[in-house]
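Notes to accompany the following structure.
The values are calculated or read from the model by the stated rules, or taken from the named source; none is laboratory data. Keep in mind that this is a model prediction, so the values were computed, not measured. Here the Cβ positions follow ideal geometry from the backbone for every residue, glycine too, while neighbour counts run over all protein chains shown.
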Amino acid sequence: MNEAIGQVLALGVAVAVSPLPIVAVVLLLATPRARGNGPAFLLGWLLGLGLVGTAVLLLSSAAAASDDGAPATWVSVLKLALGALLLGLAARQWRGRDTGGGTPKWMAAVDTFTPGKAFGVAVLLAAANPKNLLLTVGAAASIAQTGIDASAQAIALAVFVVIAALGVIVPVAIYFALGERSRTLLDQLRAWLVANSAAIMAVLLLVIGAKLLGDGLSGL
């Protein structure tokens, strides 16, 4: 199990620093329904990551992801594909680092969000955002290839999900710890992310994409 957890630590950190969910939750924490919207978004984020990871683990188990303790060939091929896609995303992120990229239109309507809508948006962001999806699939495949039993896989996936959710957990914790006094700090966090996150994500995606490519090549 330790091997599986070690495999997913970097992938979890890459998801955790993804700017979109952090900016979204900071905006939600500034709405009139902040006390409901913040935790609802966090729960949706955890669920979305968990659903994707669980689905990949189940499929990997059915397809025999581990061959006598070594990664099955298809897992290595999957890692090669994921690594190549992440490198492509890294290049795209780097090229767009000075443009700001804009913000999704739905963020302009966060003041009208109910906890239910905040929850649903978080699930979609966790499960459908390309960067998060690739990283979560890569993490689950890395867990599955170790050949550990189902309970150990579940624990390793839970560790990944918690690490990947830290970017959302921290703002929510700050809000509930400091209340209205957190507004300035959270606004500064949002502004810093908008200004710097593209370059940070580009570097992280480059490193993790290269790692997945190396893992895939070594497994063939």
Just to be sure I understand, how many residues within the range 33-51 are surrounded by fewer than 21 Cβ atoms within 10 Å (Cβ to Cβ), part of a helix (DSSP H, G or I) and of a type outside the set (G, A, S)? 6
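Specify which of the listed residues (L20, L58, L11) is surrounded by 22 or more Cβ atoms within 10 Å (Cβ to Cβ) and either among the hydrophobic types (A, V, I, L, M, F, W, C) or under 12 Å from the mean Cα position of the chain (by Cα) (or both).
Details: L20 fails: surrounded by 22 or more Cβ atoms within 10 Å (Cβ to Cβ); L58 fails: surrounded by 22 or more Cβ atoms within 10 Å (Cβ to Cβ).
Answer to the check: L11.
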Quick count over the range 206-220, residues being modelled with pLDDT of 80 or more and in contact with a Lys or Arg (Cβ under 7 Å, 6 or more places away or on another chain), is 1
Going by what's in this entry, would F119 be described as over 22 Å from L78 (Cβ atoms) and in contact (Cβ under 8 Å) with a residue 12 or more places away in the chain? yes
Of the conditions (1) under 28 Å from A118 (Cβ atoms); (2) surrounded by fewer than 20 Cβ atoms within 10 Å (Cβ to Cβ); (3) of a type outside the set (S, T, N, Q), V207 fails just one. Which one is it? (1)
Within the range 134-167, how many residues turn out to be buried (at least 24 other Cβ atoms within 10 Å of the Cβ) and more than 22 Å from the chain's Cα centre (by Cα)? 0
D111 fails exactly one of the following numbered conditions: (1) more than 30 Å from S142 (Cβ to Cβ); (2) out of contact with any Pro (no Cβ under 8 Å at 6 or more places or on another chain); (3) among the charged types (D, E, K, R); (4) modelled with pLDDT under 85. What is the number of that condition? (2)
Do we have V170 as of a type in the set (V, I, T), under 24 Å from R92 (Cα atoms) and surrounded by fewer than 22 Cβ atoms within 10 Å (Cβ to Cβ) here? no
Filtered residues of the range 173-204 (kept if surrounded by fewer than 16 Cβ atoms within 10 Å (Cβ to Cβ), among the polar types (S, T, N, Q) and modelled with pLDDT of 75 or more): T184, Q188
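For the range 110-147, name all the residues that are among the hydroxyl-bearing types (S, T, Y) and over 25 Å from E3 (Cβ atoms).
So in the range 110-147, the residues among the hydroxyl-bearing types (S, T, Y) come out as 112, 114, 136, 142, 146.
Matches in the range 110-147: T112, T114.
Checking the conditions here, which among A30, A118 is part of a loop (DSSP other than H, G, I, E, B), at pLDDT 75 or above, surrounded by 16 or more Cβ atoms within 10 Å (Cβ to Cβ) and touching a Lys or Arg at 6+ places or on another chain (Cβ under 9 Å)? Full working, then the answer.
Working: A118 fails: part of a loop (DSSP other than H, G, I, E, B).
Matching residue, one of A30, A118: A30.
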Which of the residues that make up the range 125-155 are free of Cβ contacts under 8 Å to residues at least 40 places away in the same chain and part of a loop (DSSP other than H, G, I, E, B)? D149
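Report yes if some residue within the range 173-184 is among the aromatic types (F, W, Y) and under 17 Å from L20 (Cβ atoms); otherwise report no.
No, the conditions are met nowhere in the range 173-184.
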